[in-house]
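All of the numbers you see were taken from the coordinates with simple rules; none came from a lab. These numbers were taken from a predicted model, which means no experiment stands behind them. Cβ placement follows ideal geometry from the backbone for every residue including glycine, while neighbour counts extend to all protein chains displayed.
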Amino acid sequence: MRIGHGYDAHRFEPGKDLVLGGVNIPYKLGLLAHSDGDVAIHALCDALLGAIAQGDIGQHFPDSDKEFKNIDSRILLRQVFSLVKHERLKIGNIDLTIIAQTPKLAPYLKEMAIRIASDLGADVSQVNIKATTTEGMGFAGRKEGIEAHAVVLLVPEK
């Protein structure tokens, strides 16, 4: 078994779509990033890369590369997962936490899990996504942005 942890955070920015877990969330602000700013998928990519000791998302998809400008993070996730498959590993389970004071994310969590499971060839029962607030503390609590943590367990393919 291999375990990985990932973290990402982005500040809000007007004029961008808010994308989390591959789902467009109706909101007045998006997240400032070179890509689409999907902190949930970025944290998951880092967790997957960590589990296979392959660095982090910035090493594989640098923000200095125009190829990745405004890219859909699900494309990055699928590329990262190809590295996992190369190691003859598959998803055991994923636990992802999105930290945001606003907007309310509960209505979108199931769709996020469905999309992520689909991208990783996993069953949706292997993907847990939850959202929480910081009770007004820190940058997320002040509604300046969103952060995410992801933990993955990879198991050998049979």
Original post:
Of G55, Y27, H42, which is farthest along the charge dipole of region 12-68 in the positive direction, counting Lys and Arg as +1 and Asp and Glu as -1 at C-beta?
Top reply: Y27
**OP:** List the pair-distance distribution P(r) of region 1-147, using every Cα-Cα distance, as the percent of pairs falling in each 5 Å bin from 0 up to the bin containing the longest distance, rounded to whole percents.
**Re:** 2, 10, 20, 24, 21, 14, 7, 2, 0
**OP:** Would you mind pulling out the separation of the Cα centroids of region 1-44 and region 143-157, in Å?
**Re:** 11
Original post:
Treating the beta-carbon of each Lys and Arg as +1 and of each Asp and Glu as -1, no other charges, what is the dipole magnitude of region 1-142 about its Cα centre, to the nearest 20 debye?
Top reply: 220
Original post:
What is the fewest-to-most order of L29, L20 by other Cβ atoms lying within 10 Å of their Cβ?
Top reply: L29, L20
**OP:** Determine which lysines satisfy two conditions relative to K104: a Cα distance under 29 Å, and not lying fewer than 8 residues away in the same chain.
**Re:** K16, K28, K69, K130, K143
Subject >> Two-site FRET efficiency, E13 against D72, from Cβ-Cβ distance with R₀ of 22 Å, rounded to 0.05 >> reply: 0.80
**OP:** Mind checking which aspartates and glutamates have their Cα closer than 18 Å to the Cα of K110? Skip sequence neighbours fewer than 8 apart in that chain.
**Re:** D38, D95, D119, D123
